[in-house]
Amino acid sequence: MKTVRVWDLPIRLFHWSLVVLIITAIMTAKTGGKKLEWHFLIGYATFVLVAFRILWGMIGSRYARFSSFLFAPGTIIAYVTNKDAARKKYLGHNPVGSLWIFALLGVVLLLIATGLFANDDIASEGPLAKFIDKDLSDRATWLHVQVCGKLVYMLIGLHVAAIAYYYFIKKENLVIPMFTGDKTEDI
Amino acid sequence: MHCFFGILLLLVAGHAAAEVPVERAVKYRQSAYYLMGQHMSRINAVIKGEMPYNKALLEKNAEIVVMMGGVVIDAFPAGSDSGATKAMPEIWREMDKFRQLMHESQSELDKLLAGVKTGNMATIEERFSEASKSCKKCHDLYKTK
Ligand code: HEM
């Protein structure tokens, strides 16, 4: 058994900050009213965080880099359909998990982009909504809430389900490494 | 003869907007809500400090919001649940509950106007917050995005 540092400190900080920001973003949006001002600030903070993650995906440590989890379609299909390919252990993101990462980053960026043009049909709107007409802003709101919002719930659900699957079926705890940064590797 | 019955029907229907074709009824209430939202936003801008405080202007904004609240009360005639509307069909199935929410909201708006008249910013902020919650409560239940 060998201990490997898989998640570097910036990745762990990114991960848990994103958890907090997404949860508080959803809570403030559900409350609405004055809390929507907080929702905007949380959205901007999330943008900074995701921008950092993209940078870190290019210059970070081994498992943080996008190049370490950019898999060819063939590899991804084999991972799902072929038992031998699936048995190979990935310390970082596996081929399917990597798809989730790209989906989440994409959806969060889309949330921010559409949020800037959204309105709450009460008394608040994103800072760019005043430059477009109301119908377009309503469509941005629809994308923000009904499309991207729902996708985020779905992605969170998949994420938690995958962690539960690993914990209960594959007997591997993925949560602790996200705190300590370390995984053990059989050699 | 047909014409006669037509006119009779219109007279019997008699309600404020009930005889208006569907798309006009929809446009009518959307316009009222649009104004309501615009003037709520202006009040919000003053609360946030983006616009200077001017008591007379703020009162005018609050008065328009209250007035529009009065306009929409009868703006959901039977059958106006189609076309370019974001009103959910549940409204017409649960008209009592819907009206209840409307009256609750209207009383929050009255309180907002009274608050604006005191000129006390803390009161205005609090009443504004309560009023917007009453809008959101109904939108979450009866308006699509
Ligand atoms: C982390 C990024 C974000 C997430 C996860 C997020 C999530 C959400 C969700 C789930 C809702 C729907 C609440 C409901 O069910 O009613 C919502 C509403 C809203 N968001 Fe965001 N949002 C984000 C960023 C932003 C940004 C950057 C802005 C604008 C600057 C924004 C503006 C709005 C507005 C105006 C609404 C109200 C829509 C309505 O209630 O009709 N959001 N957001």
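The values are calculated or read from the model by the stated rules, or taken from the named source; none is laboratory data. These numbers were taken from a predicted model, which means no experiment stands behind them. So basically every Cβ, Gly included, is an ideal-geometry build from the backbone, and we count neighbours across all protein chains shown.
Across the stretch A:45-64, the qualifying residues are those that are out of contact with any Phe, Trp or Tyr (no Cβ under 8 Å at 6 or more places or on another chain) and free of Cβ contacts under 8 Å to residues at least 12 places away in the same chain, and the one among them that is nearest to the ligand (Cβ to nearest atom) is A:48. Considering only residues in the stretch A:8-59 that are within 14 Å of another protein chain (Cβ to nearest Cβ) and among the basic types (Lys, Arg), the one that is surrounded by the fewest Cβ atoms within 10 Å (Cβ to Cβ) turns out to be A:30. Looking across the stretch A:24-41 at every residue that is among the β-branched types (Val, Ile, Thr) and more than 6 Å from the ligand (Cβ to nearest atom), the one that is modelled with the lowest pLDDT is identified as A:31. Selection within the stretch B:106-133: residues that are within 12 Å of residue B:62 (Cβ to Cβ) and within 10 Å of chain A (Cβ to nearest Cβ). The member of this set that is surrounded by the most Cβ atoms within 10 Å (Cβ to Cβ) is B:131.
Considered as a group, the residues in the stretch A:1-23 that are touching a helix residue (DSSP H, G or I) at 6+ places or on another chain (Cβ under 8 Å) and not in a helix (DSSP H, G or I) include one that is farthest from the ligand (Cβ to nearest atom), and that residue is A:6. The residue that is nearest to the other protein chains (Cβ to nearest Cβ), counting only those in the stretch A:115-149 that are closer than 16 Å to residue A:26 by Cβ and more than 8 Å from the ligand (Cβ to nearest atom), is A:146.
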